[in-house]
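Visitor: Got a structure here, written out as structure tokens. Questions coming.
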Amino acid sequence: MRVHRRQSMFAAGSVAAALILGAGVAAAHSSADPTIASIRTATARYRDLKNALADGYIRDPMNMCVTSKDEGQPEWLGAMGVHFFRPDLLGITGTSPRVNGTGTHTDFTTPGVLIYEPQSNGSMRLVAVENLVFEKAWRDAGHTQPPSYNGDAYFHMIDNPETPADEAHGFAPHFELHIWTELPNPAGPFMEWNSKATCRYHHAAQSSGTSPTARVAARAPRTGAPPGR
């Protein structure tokens, strides 16, 4: 179930959107990463969802608000929220049999993914940013170590065929890292789940008038990672 949900998240429109936006954009890894405070400042304009949409971020076409319970993890871990992504920065090239791409983008001041928490009034609150780097593309670029942010290595996500869960959540092997810039995370700023995040008001957000289907159509279209996504 986890594979199907995460694959359908991108399959509904990411490839076409990537063609329009310019798939395969990659940023060189910087030896002097920005501080979390500077990332928060750089992404402050995305507190207004309209700015994110204007800059090419598209909502998960399945409009899923991701919780730990949804992915078979303890409910107390909390939630992530609704993902909005830039297909060009992720470099999406296909969705079958797994979502794959050429993306090696690691600049958190222009993150590949924005994560929002639905609010009771139907609005969306920016809570975190994320970068996702496909492992093959990263290795092909000559890197021998995983990408990192200020010394913290991205989590290595790869499926273990010996388990019923899909540890790579429908993606080809990749590295990923969240930074909770707008909602402090008791577990730490780089952990995937936040016990303070909630999807309680997701349906209110759905009725706010932002149609994921319309948005996609308008754009023509450590090993040892923490559990879930």
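Visitor: If I ask for residues that are β-branched (Val, Ile, Thr) and either at pLDDT 95 or above or part of a strand (DSSP E or B) (or both), which ones from the range 68-101 would you list? Can you show your working first?
Guide: As a first pass, look at the range 68-101 and keep what is β-branched (Val, Ile, Thr): 82, 92-93, 95, 99.
Answer for the range 68-101, where residues must be β-branched (Val, Ile, Thr) and either at pLDDT 95 or above or part of a strand (DSSP E or B) (or both): VAL82, ILE92, THR93, VAL99.
Listed here are the residues, each with its yes/no results for (1) among the hydroxyl-bearing types (Ser, Thr, Tyr); (2) at pLDDT 85 or above; (3) surrounded by fewer than 20 Cβ atoms within 10 Å (Cβ to Cβ); (4) over 21 Å from ASP159 (Cβ atoms).
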| residue | (1), (2), (3), (4) |
| --- | --- |
| GLY13 | no, no, no, yes |
| ALA23 | no, no, no, yes |
| HIS29 | no, no, yes, yes |
| THR43 | yes, yes, no, yes |
| ARG47 | no, yes, yes, yes |
| ALA52 | no, yes, no, yes |
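Visitor: Also: Taking only the range 102-122 into account, find how many residues are in a loop (DSSP other than H, G, I, E, B) and either at pLDDT 95 or above or in contact with a Phe, Trp or Tyr (Cβ under 7 Å, 6 or more places away or on another chain) (or both). Steps first, please.
Guide: Here is the first cut: in the range 102-122, the ones in a loop (DSSP other than H, G, I, E, B) are 102-112, 119-122.
After this cut, where a residue has to be either at pLDDT 95 or above or in contact with a Phe, Trp or Tyr (Cβ under 7 Å, 6 or more places away or on another chain) (or both) as well, the list is 102-112, 119-120.
Result for the range 102-122: 13.
Visitor: Does the range 124-162 hold any residues that are modelled with pLDDT under 95, within 21 Å of GLY81 (Cβ to Cβ) and in contact with a helix residue (DSSP H, G or I) (Cβ under 9 Å, 6 or more places away or on another chain), and which are they?
Guide: MET157
Visitor: Select from the range 126-184 the residues that are of a type in the set (Phe, Trp, Tyr), more than 18 Å from SER96 (Cα to Cα) and out of contact with any Leu (no Cβ under 7 Å at 6 or more places or on another chain) and list them in ascending order.
Guide: The answer is TRP138, PHE175, TRP180.
Visitor: Does LEU132 count as crowded, with 24+ Cβ neighbours inside 10 Å and farther than 20 Å from PRO184 by Cβ?
Guide: Yes: the conditions hold for LEU132.
The values are calculated or read from the model by the stated rules, or taken from the named source; none is laboratory data. The structure presented is a predicted model; accordingly, all values stated were derived computationally and were not measured. Every residue, glycine among them, receives a Cβ derived from its backbone with ideal geometry; neighbour counts consider all protein chains shown.
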